[in-house]
Amino acid sequence: MKKNPPWPVLSTYAGGRLDRVALPIGGIGTGTVSLGGNGALRDWEIMNRPAKGFVPWAQGVWPGFVLYTRAARGPAIVNALEGPYPAAACEGAQGATAPNHGMPRFRDCRFAVAYPLGQVELRDPAVPLRVTLQAFNPLIPGDADDSGLPVAVFRVRLHNATARVVRASVCANLPNFIGMDGYDVRRNEWNGRMEPVGAKGNRNVFRATEALQGLRMFSDGVARTSEAWGTMALATTARAGVTHRTSWAQRSWGNSLLEFWDDLSADGALEPQGGAADQPVGSLCAACSIPPGGTRDLTFILAWHFPNRRAWGESRYKGRRPIVGNHYATRFRDAWSVAAHVAARLGELERKTVSFVRAFVESDLPAVAKEAALASVSTLRTQTCFRLPDGRLYGWEGCHDQQGSCWGNCTHVWNYEHATPLLFGALARSMRELEFGHATQRDGFMPFRINLPLSATPYGTAAADGQMGCLVKLYRDWQLSGDAAFLRRLWPHARKALEFCWIPGGWDADQDGVMEGCQHNTMDVEYFGPNPQMASWYLGALRAAEEMARAVGDEEFAGRCRALFQRGQRWVDRHLFNGDYYVQQIRAPGASAYLDVRLVSGMGTKDLVHPTLQIGRGCLVDQLAGQPNAYLAGLGPLLDRRHMRTALGAVVKFNRRTAAGHFNQLRSFVGGNERGLIMCSYPRGRRPAEPFPYSNETMTGFEYCVAVNLVLEGKRQAALQVVRAVRSRYDGRRRNPFDEAECGHHYARAMAAWGLVPALTGFHYSGVTQAMTFARPRKAVRWFWSNGEAWGTVRIRPVGTRGASVTLRCLHGSVRMRTLAIRGVGAQEWRAVRTLRAGENWTGSIPSGRT
């Protein structure tokens, strides 16, 4: 067996900065359990819904690991594998509120992480071992199935730094809480607290195979149609020294826990216990002996299988929402089969995951940019996202504490993220299939939310920015994949989606390249009149449509798009740029104006004579929202670059605020001395009496959009200043570094942070022309690259005044290339397409001017 590779580390947390850390561990579309900064297992969100704060409890114990140690001629020492719990958990009506608060803990704790690899380092002078609790779920870009396993892998690394042999055991405890997802509650008559319910007739059985030993957890009492019905497995790869319990002794007044503690403390092994319970506690213990200076690893696998995901949109169904299912449940029959699959491939899955993380972490990019980008990927593997049996990716905007937030693959939110297309291209294309192939109707109307099941009546509103952004994303995903059939299949729908702008009473009814109509958008209201936010998305869509039309041979339509783009570009620069930034011209439609009901959400102004909830003359953080997507897709500048650079400078200058001195009438995502970019400032006055809803808020997804744009316009230091401000707020002390919230936890828009990676490296890939491009660095660098199907590294060393030495390495997948270019240097061109496969390199020199 190959030795486990060392794990790379990007960030570390200690002391008070551990308090809010919760690393989600789970696959794409599977749900997660989170590893707390101190080693506690929290937020058990594995049963098809969010469950913030939910930790199952039974017979006095919460899930977690316990360590038994005994050095030769020394006493037995038993500790929870956790560091101190947060000070805020010390005080409650009945004392401490932390799970497993009565167990001895390690005195010193540090959390080292590079998502998805989390390591809790535990030290205590009374314990004869140095302990590291590692946890991860496989994350392999380009492989959505291996990155979509419903499992959390835990490894306890025990190092003996003493001169004596140490006997050790690690015991994992897990109540069988099938049926209990944290949503259904009942009031405790004694203390008045609302407590989760739902477990009924649950059972645990021990199972041993050549590769695994552990507990299979199931239920005979929970309804098989329940979202919370399914199976769990708790297993270990240890082959010797394994003891277990399928249930605990039934004792009163906390003595079930006491009996367990006494049993484990006696010799580091478990004696079987009987006792019927709806929620039996299962325990699995693995023992080993560690020589002086030696290290031993004990590995545990927690797997789950809950097949009954239900459709989103509670209010649309009078009864129970229909079951739509989970993709992972089509691959595995139950949780034990998941655990067996992972155990058989654990070495491979871990090596590939570590290879990806190491390649990324060791890239020569600013640490704060790497932290922001890598942490944002965790959102893909939370309850924000799921895959149905059709394999496609679906997403909420984010997660409330106990249910999803804002359903439907919301186009105007998902527009901003860059992680999915560059890491999991097939999943990104599946979203385009849904937007164009399923949702877009004959006249081009694209609902900005998708109902489930897909046979349901379509949602009734279009979003101007959402629909235009989807056109840019379609172009991007076609370029990244080079899949001509994909484009040809969706192009008729895409053309209709653009033509929808020109319907009577539509966004650009006069077809002048400028949106003047009723424009519902990501601020959850309608804008009336030309504005830079919608203009940037519309101009980007026109450029994308031009290129796609030309590719399918529709030259007439391509020319029409080009003409509209040029006309709109000139008008916006001439009429909306005020010398510092772009503004809105509010144009009231009038009381008798015709508004297509599909363009109105009902959340905006009711006054069509004096419309409220507009931008007006403000400096909007999002005024160039569509430009980063256009740049990264290779569509070029949408407006005058001098104007755009000036406008970005104005956003940084006027919108950066310290929370302590800033008034905000809505939600607060910054506080005290924290800084961030507010959504809109009014440096020249003339703020509307009722501006658009979120004008005084600060939200990370929009900040990252600005930062990416700043990098692309050559303002690297200003961009990093924006990113540092964001990440300093998510420092573990005040907020979870792996949960950037907006309208809900784990908000999809925050995955805009991944755009920093191609922006800082200049990476662009076209599968259509088989061309890969990077920026020319000032000094020798190693950068990470990915195109959604393959990934690897590139080493670039400037040579002389203009040339460059290049080593391109593919670490996963394969990439087809005809051209490798360094901007400002030249290009290496091959007469025939060259395929670089996993493990292969290309090394060569690119002299100045070579084409």
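Do we find that residue 144 is within 30 Å of residue 421 (Cβ to Cβ), in contact (Cβ under 8 Å) with a residue 60 or more places away in the chain and in a loop (DSSP other than H, G, I, E, B) in this structure? Here the answer is yes, as residue 144 does meet what is asked. When we screen 441, 402 for residues that are of a type outside the set (Val, Ile, Thr), farther than 15 Å from residue 312 by Cβ and open to solvent by 40 Å² or more (accessible area, probe 1.4 Å), the only hit is 441.
Listed by position, the strands (runs of 3 or more DSSP E) contained in segment 20-137 that have at least 2 residues being within 30 Å of residue 250 (Cβ to Cβ), free of Cβ contacts under 8 Å to residues at least 60 places away in the same chain and not aliphatic (A, V, I, L, M) are 41-45.
Can you pull out the residues in segment 249-276 that are in a loop (DSSP other than H, G, I, E, B), open to solvent by less than 70 Å² (accessible area, probe 1.4 Å), of a type in the set (A, V, I, L, M, F, W, C) and more than 19 Å from residue 214 (Cβ to Cβ)? Matches in segment 249-276: 249 only. The condition of being over 30 Å from residue 458 (Cβ atoms), surrounded by fewer than 20 Cβ atoms within 10 Å (Cβ to Cβ) and out of contact with any Ser or Thr (no Cβ under 7 Å at 6 or more places or on another chain) holds for residue 345.
For segment 489-506, check the following and say yes or no: at least one residue is open to solvent by 10 Å² or more (accessible area, probe 1.4 Å), of a type in the set (Gly, Ala, Ser), at pLDDT 95 or above and under 30 Å from residue 325 (Cα atoms). Taking every residue of segment 489-506 in turn, none turns out to be open to solvent by 10 Å² or more (accessible area, probe 1.4 Å), of a type in the set (Gly, Ala, Ser), at pLDDT 95 or above and under 30 Å from residue 325 (Cα atoms). When the test is whether a residue is at negative phi, modelled with pLDDT of 95 or more and open to solvent by 60 Å² or more (accessible area, probe 1.4 Å), residue 585 does not pass it. Mind listing just one residue for me: the one in segment 669-696 that is open to solvent by 80 Å² or more (accessible area, probe 1.4 Å) and in a loop (DSSP other than H, G, I, E, B) and, of those, nearest to residue 527 (Cα to Cα)? Taking the candidates together, the pick is 690. When residue 202 is tested against (1) within 30 Å of residue 121 (Cα to Cα); (2) open to solvent by less than 20 Å² (accessible area, probe 1.4 Å); (3) over 32 Å from the mean Cα position of the chain (by Cα), exactly one condition is not met: (1). Inside segment 548-577, residues that are open to solvent by less than 10 Å² (accessible area, probe 1.4 Å) and not in a helix (DSSP H, G or I) make up a count of 1.
Taking residue 440 as meeting all but one of (1) in contact (Cβ under 8 Å) with a residue 60 or more places away in the chain; (2) at negative phi, write down the number of the exception. Result: residue 440 passes all but (1). The residues listed here are 511, 479, 519; of these, the one that is surrounded by 22 or more Cβ atoms within 10 Å (Cβ to Cβ) and farther than 30 Å from residue 817 by Cβ is 519.
A single entry from 254, 274, 192, 182 fulfils the requirement of being at pLDDT below 95, more than 35 Å from the chain's Cα centre (by Cα) and under 30 Å from residue 403 (Cα atoms): 192. Taking segment 217-246 as the range and being modelled with pLDDT of 95 or more, basic (Lys, Arg) and under 26 Å from residue 168 (Cβ atoms) as the test, only 245 passes. Within segment 575-590, residues that are more than 22 Å from residue 679 (Cα to Cα) reach partners that are among the hydrophobic types (A, V, I, L, M, F, W, C) and outside any strand (DSSP E or B) with beta carbons closer than 7 Å, at six or more positions or on different chains, in the pairs 588/608; 588/609; 589/595; 589/608; 590/608; 590/609.
Among residues of segment 676-702 that are within 20 Å of residue 737 (Cα to Cα), those with a beta-carbon under 8 Å from a residue that is open to solvent by 20 Å² or more (accessible area, probe 1.4 Å) and among the basic types (Lys, Arg) at least six positions away or on a different chain give the pairs 676/656; 676/657; 677/656; 677/657; 697/667; 698/657. Return yes or no: is residue 428 open to solvent by less than 40 Å² (accessible area, probe 1.4 Å), among the small types (Gly, Ala, Ser) and in a helix (DSSP H, G or I)? Yes. A search for C-beta distances below 7 Å between a residue of segment 708-737 that is closer than 14 Å to residue 11 by Cβ and charged (D, E, K, R) and any residue that is part of a helix (DSSP H, G or I) and open to solvent by 10 Å² or more (accessible area, probe 1.4 Å), counting only pairs 6+ apart in sequence or on different chains, returns 724/368; 727/368; 727/371; 731/17; 733/16; 733/17. How many residues does segment 588-612 contain that are of a type in the set (Ser, Thr, Tyr) and loosely packed, with under 14 Cβ neighbours inside 10 Å? Adding up the residues that qualify gives 2.
Checking segment 548-556 against the condition returns a match, with at least one residue being touching a residue at least 40 places away in the same chain (Cβ under 8 Å), out of contact with any helix residue (DSSP H, G or I) (no Cβ under 6 Å at 6 or more places or on another chain) and more than 22 Å from residue 651 (Cα to Cα).
Just a yes or no: is a residue in segment 496-512 touching a residue at least 60 places away in the same chain (Cβ under 8 Å), within 29 Å of the chain's Cα centre (by Cα), assigned to a helix (DSSP H, G or I) and under 22 Å from residue 556 (Cβ atoms)? Within segment 496-512 (the criterion being touching a residue at least 60 places away in the same chain (Cβ under 8 Å), within 29 Å of the chain's Cα centre (by Cα), assigned to a helix (DSSP H, G or I) and under 22 Å from residue 556 (Cβ atoms)), the answer is yes, since at least one residue qualifies.
Just name the residue that is farthest from residue 785 (Cα to Cα) out of those in segment 799-831 that are of a type in the set (Gly, Ala, Ser) and in contact with a strand residue (DSSP E or B) (Cβ under 8 Å, 6 or more places away or on another chain). The qualifying residue farthest from residue 785 (Cα to Cα) is 803.
Considering 333, 381, the condition of being at pLDDT 95 or above, in contact with a Gly (Cβ under 9 Å, 6 or more places away or on another chain) and at negative phi is satisfied by 381 alone.
The values are calculated or read from the model by the stated rules, or taken from the named source; none is laboratory data. None of the values given here were measured: they were computed from a predicted structure. In this analysis, Cβ positions are derived from the backbone assuming ideal geometry, glycine residues included, and neighbour counts consider all displayed protein chains. Just so you know, the surface numbers come from the protein's heavy atoms only, side chains and all, with ligands and any DNA or RNA stripped out. Shrake-Rupley method; radii C 1.70, N 1.55, O 1.52, S 1.80 Å.
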